[in-house]
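First up is the structure itself, then whatever we jot down about it.
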Amino acid sequence: MKECLGNEGTHMARREDIDVYLHTLLDVGRFKDYGPNGLQVQGQGDVQLIVSGVTASLALIEEAARLKAQAVLVHHGLFWRGHDGRLVGWLAERVRCLMHHQINLFAYHLPLDAHAELGNNAQLGKRLGLPSGTTFGDQALGHLATIENLTLQELAQRVQTTLQRAPTVVPGDGRVLRRIAWCTGGAQGYFEAAIQAGADAYITGEISEPQAHLARETGVAYLACGHHATERFGAPAVAAHVAAHFGLQHHFVEIDNPA
Ligand SMILES: [Zn+2]
C-alpha cells in the first residue's frame with residue numbers, strides 16, 4: 001500500500017457543495033448504471049482532505065481514517081444492483097469504519113469511466129499515447145482512435161511500460177494496427193462493438209473465455225491489461241480536480257490488486 005501526495009490546500013468545503021459539483025462535473029444524470037452514483041455514505045459536513053482510490057475496500061477506508069480524511073472518492077462503491085440491502089459481514093465492516101470516522105463516501109462508476117478529460121478511459125488513453133478519437137458502444141463508453149502504424153508487440157510493450165504489468169494478449173491476424181479501441185475495467189462485453197466499430201486491437205481490463213475465440217476468428221487482437229490497473233487513473237484525476245477547485249487536500253491511495 002502506497003500513498004501519493006496530491007494537491008495541497010488548507011480550505012474546507014461543505015459536503016453538499018462537493019456533491020453538487022461532482023454531480024454536474026460527471027454528468028451523472030446521463031447514465032444508466034449498476035449502482036447509485038454520488039454520496040453513498042454520509043459523514044461529516046465539512047471536508048478538508050479527500051482520499052481517492054479505485055475501490056471502497058476496507059483497506060482503503062482504514063487508510064483514509066488513518067490520514068484523517070473527511071471524504072473518500074472511488075470508482076467502485078459499496079452498493080450494486082442485485083445486493084439485497086443487508087449490512088452484514090464484510091459490507092458491515094466497511095460501513096462501520098466509514099460511520100465511526102464520519103467519512104463521506106462518494107462513488108462514481110460509469111460517469112467516472114466516461115468523463116472526456118478526467119475519466120478512466122480518457123486518462124488511460126492519454127497515458128498510452130492514444131489520441132482521444134471517437135466513442136462507440138453502449139452509453140458511448142468505448143473509445144476508438146486512429147494512430148500511426150503500430151505492431152501488436154509495440155502496443156503490448158507500451159501497455160506493460162505504462163501499467164507496470166504484463167497484459168494477456170490474444171493475437172489477431174497479425175495486421176498492422178491503425179485503429180485502437182479501448183474501454184477500462186471489466187469491459188470484455190464491449191469487444192464485439194469494438195470489432196464492429198472497425199478496431200484492429202481492443203484494450204480492456206479483463207478477458208473471459210469467449211473473447212479469445214472472437215479474437216482468433218475476427219483477426220482483431222485482444223489485450224487484457226488488468227481491471228484495477230486500467231482503472232487507477234480516473235478517481236485521482238477527478239479528486240485532484242475537485243480538490244483544486246475547492247482548495248482542499250488530496251491523497252491518492254493505491255491498494256494493489258492482481259485482478
Ligand atoms: Zn471497474
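Every read-out reported here was derived from the displayed coordinates using simple, explicitly stated rules and does not represent laboratory data. Being a predicted model, the structure only gives us computed values, none of them experimental. Cβ sites come from the backbone with ideal geometry, for glycine too, and all protein chains shown count toward neighbours.
Every helix of 4 or more DSSP H residues in the chain counts as -39500 (n - 2.57), and over all residues that averages to -10000 deg cm²/dmol at 222 nm. Of the residues HIS100, HIS115, HIS241, the one that moves most in a GNM of the chain with alpha-carbon contacts below 10 Å is HIS100.
With all pairs of separate Cα atoms included, the range 1-138 yields a Kirkwood hydrodynamic radius of 16.0 Å.
What do you get when you divide the Cα radius of gyration of the chain by 2.2 N^0.38 Å, with N the number of residues?
Working: Rg = 18.8 Å, N = 259, 2.2 N^0.38 = 18.2 Å.
Taking N as the residue count of the chain, the ratio is 1.03.
Beta bridges from DSSP with both residues in the chain: antiparallel share about 50 percent, rounded to the nearest 5.
Once the Cα-Cα distance is subtracted from the 0.36 nm per residue extended length, the GLN139 to VAL176 segment shows a gain of 10.4 nm.
If you count, for each residue, the other Cβ atoms within 10 Å and average over each peptide, how do 213-223, 50-60, 128-138 line up from highest to lowest?
On the way: 213-223: 19.0, 50-60: 23.1, 128-138: 16.3.
My ranking of the peptides, most packed first, is 50-60, 213-223, 128-138.
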